Every structure is written in structure tokens, then in C-alpha cells.
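Q: I have a structure I would like to understand better, so I am pasting it below and will then ask my questions one at a time.
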Amino acid sequence: MRFILGLISLIASIALAVCIQIFANFDILHFGVLMIVPAGAIAIGYISTTGYFKGMEKSNVYLTPLRMVFAIIIAIISMISIEYIVYLFTSVDPETYNTIYSLDKGAHISEFEVEGYGQMTFLNFKRYMIESTPMSFSLKHKEIFSVTSVTGLYILNSIDYLGIIIGAWLCGMKLKDKSYCHQCNTYRQILPIFNLPKEQGEVFIHELESVLSTEDDIKISSFLNQYSYNQSVSKQEHYLCNVAYCLNCPTAILSIELYEYNSKKAVVKNESFEYEKEIYKSYINYVFKNLEMKNNKKAIV
Ligand SMILES: [Zn+2]
């Protein structure tokens, strides 16, 4: 499954970038923010590997470092394919002698030779484009400095390769964050069970720790059962309690997330807050009973 979905997103990323470059004349692959943040390459790296990671999730395949390397190879294949296909479309306008993207107008770039580079094969053309395109950095329309040395230009161009790797890696980290059960070889399902206002959080966690230490099923269950999910709480600063579970294991992971206001007064997750605890599923049987009822209802509808 991951190979089929991987191939689909690889082809989609290539088609997207090639179409944007040929029809809108916008080189997304080498688009950078402030010239050095390879935003376009990151986006292409991300898109090209989406299918591969999605397929891994759907078929419950664990993300090992080797599979991450494979994803990075997919992203690099995407980048090289985009550059090669764009090269196939690159021709020289017979009237203006400018390069254009066309299959039927003008002569293909490979029919030309450039002094010092020879015939414009794919590799020679790439070498020529990199070495003959000086890059300048401007701020408020004033040039601050420009890079003309060959080494400098190769370093700037290699940033795009770094971008494509970062894009694939970011896409993979989304999957890496998912809780995985190595006994059942499956990604755990995540279910939000309740939330509470931020100001009650500290006391709640303290009480949770002490009630969990009793290992008393009934006590723990009734403690957790008193909370519920409240829509209005989710709009203010709050703690959200989730449970990540698999079908066969007796234990599950209870995790608490903290949501706070950012500078724009939007409620966002505080990534530096982490709380996870392995608990017995029997502690939260009520959650699974509700879930069963909901699923049955859905089945009836
Ligand atoms: Zn399991």
C-alpha cells in the first residue's frame, strides 16, 4: 500500500511543480524565502512523500530510520525528475533567443553548445545555469551582497537539496509522533476523552497521580469519570486528555495536552508540555463503552 500511495504522491508532486513552472513560469522548486529558506523545495519534499507515509499509517508499518531514508530518496527522485522534465521542455525561441518552455516552438536546448560547457545535455545545462546565474540579496530594493563565485553558487543551490530532505523529514515526523504498539504492530487510535480549564490543570494532575498510585480500578475509574468533554472549554486555555489505545493490549496511553493563547489570542497547543502515562484500559472502560455505543449507532444509521 505504501509503495502505491508513495508512487501516486511522487507523480503528483512532479506534475504539480512541472505544470507551475511551464504554465506560470514560476520555479517553485528553487523558490526561497529571503533567498536562503528553501520553502519551495520543502513543500515539494513534503508533498512527494505524503503518500508513502500515509500508506505506512494505513497498513500499520512502523517508521524505522531506514524507511525514513527511503522517503528522502523518493523526495530526491521527485526533485531530479522535475528538473529533468523541465529540461525536456526547455527550448530556444528562434526570434528572441530567450529560453522558453515548449515542445513544438523553437529548437530544443540540447541542440545548442555553450563555450566552456559543450553541448547542452541535462548535466551541462544544469552546470551552466548554476555557474552563470549570480545571486544577489536585497533588502528594501537595495542590494546588500551578491554571490558570483562558483563555490558560493553551488552552496546556494545545494540548499534546495537540503530543503527537499527537510520536507520529507517533516512529513515523516508527523507519523513518528503517532503512538505505535509494538506488541500488536499497529498505530494506536487516539480518542479525546475530556478537557478542563487551564487553571484546574495542576490540581488535576496532582490528584491523578495520587489516585493512579492506589492502583484501585474503581477509585481511578470514578475519578476519571467525573470529567467530560466540553466544547466551551476548548475555546479557552485548557488541558485536553486523550487516550491512545490498540484493540488487543490491556493497557493504553493516557496523554495530556496543554492549549494556551498565542500572541494573537488564538488557542494553540503548547508543544513543550508533555504528560503521558500508561494505564489499564479497565480504568476507562466507560470510554470504550461509549465508543461501542457510538459505533453501533453509526452502524444502525
Ligand atoms: Zn497493542
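All of the numbers you see were taken from the coordinates with simple rules; none came from a lab. From a predicted model like this one, the values you see are computed outputs, not experimental measurements. Cβ coordinates were reconstructed from backbone atoms using ideal geometry, including for glycine residues, and neighbour counts include every protein chain displayed.
Q: In percent, what relative contact order does region 1-144 have, based on Cα pairs under 8 Å that are 6 or more apart in sequence?
A: Over region 1-144, the number comes to 20 percent.
Q: Run the quick spin-label model on Y84 and E199: label points 7 Å from Cα toward the beta carbon, then report their separation in nm to one decimal.
A: Once both label points are built, they end up 6.3 nm from each other.
Q: Apply the Kirkwood formula to region 182-300: the hydrodynamic radius equals the inverse of the mean of 1/r over all pairs of different alpha-carbon atoms; give it in Å with one decimal.
A: 15.4 Å
Q: Another one. Straight-line reach from K264: which lysines have Cα under 28 Å away, leaving out those fewer than 8 places along the same chain?
A: Answer for K264, where 28 Å is the Cα cut-off: K140, K174, K198, K235, listed by chain and number.
Q: Top mean-square fluctuation among D216, D27, D160, Gaussian network model of the chain, C-alpha springs under 10 Å?
A: Ranking D216, D27, D160 by mean-square fluctuation puts D216 first.
Q: Hey, another quick one. Over all directions, what mean area does the Cα convex hull of region 1-101 project, stated in square nanometres?
A: On the way: hull surface 29.5 nm².
Across all orientations, region 1-101 yields a mean hull projection of 7.4 nm².
Q: So, one more: Which whole-number percent is the relative contact order of the chain (Cα, under 8 Å, 6+ apart)?
A: 15 percent
Q: Filter K58/K281; K219/K269; K265/K294; K265/K289 down to the pairs with a C-alpha to C-alpha distance above 32 Å, please. Can you show the working numbers first?
A: Numbers: K58/K281 24 Å; K219/K269 30 Å; K265/K294 34 Å; K265/K289 37 Å.
The answer is K265/K294; K265/K289.
Q: For N270, enumerate residues with amide H under 5 Å from its amide H, sequence gap 5+ or separate chain, H modeled in the peptide plane.
A: Long-range HN contacts for N270: L258, Y259, E260.
Q: Continuing with this model, one more query. Around T251, which amide H atoms from residues at least 5 apart in sequence, or from another chain, sit under 5 Å from its own amide H, with H modelled in the peptide plane?
A: Here the answer is K281, since their amide H atoms fall under 5 Å of that of T251.
Q: Rounded to the nearest 0.05, what FRET efficiency do N230 and I76 give with R0 = 30 Å and r taken as the Cβ-Cβ distance? Could you check?
A: 0.05
Q: Same structure again: For S146 and S59, what is the calculated FRET efficiency with R₀ set at 41 Å and r taken between the beta-carbons, to the nearest 0.05?
A: Numbers: r = 50 Å, r/R0 = 1.21.
Computed FRET efficiency for S146 and S59: 0.25.
Q: Under the rule that an exposed site lies in a DSSP loop and has at most 14 other Cβ atoms within 10 Å, name the longest stretch of the chain with no GluC sites (Glu not before Pro) of that kind, not counting the sites themselves.
A: Longest stretch, sites excluded: 116-214.
Q: Which value in deg cm²/dmol, rounded to the nearest 500, describes the helix-derived mean residue ellipticity at 222 nm for the chain, given -39,500 (n - 2.57) per DSSP H run of n ≥ 4 and division by the residue count?
A: -16000 deg cm²/dmol
Q: Tell me the label-point distance for the pair V37, S158, using the 7 Å Cα-to-Cβ offset, in nm and rounded to one decimal.
A: Label at V37, label at S158, 2.3 nm between them.
Q: What length, rounded to one decimal in nm, is gained on full extension from E215 through to N290, with 0.36 nm per residue of separation minus their alpha-carbon distance?
A: Working: separation 75, 0.36 × 75 = 27.00 nm, distance 2.30 nm.
My answer for the length gained is 24.7 nm.
Q: Here's a follow-up. Just from the alpha-carbon atoms, what are the Rg and Dmax of the chain in angstroms?
A: 26.9, 85
Q: Which of these, T148, T90, T186, has the largest mean-square fluctuation under a Gaussian network model of the chain (Cα springs below 10 Å)?
A: Largest GNM mean-square fluctuation: T148.
Q: Gap in Å between the Cα centre of region 33-58 and the Cα centre of region 150-218?
A: 19 Å
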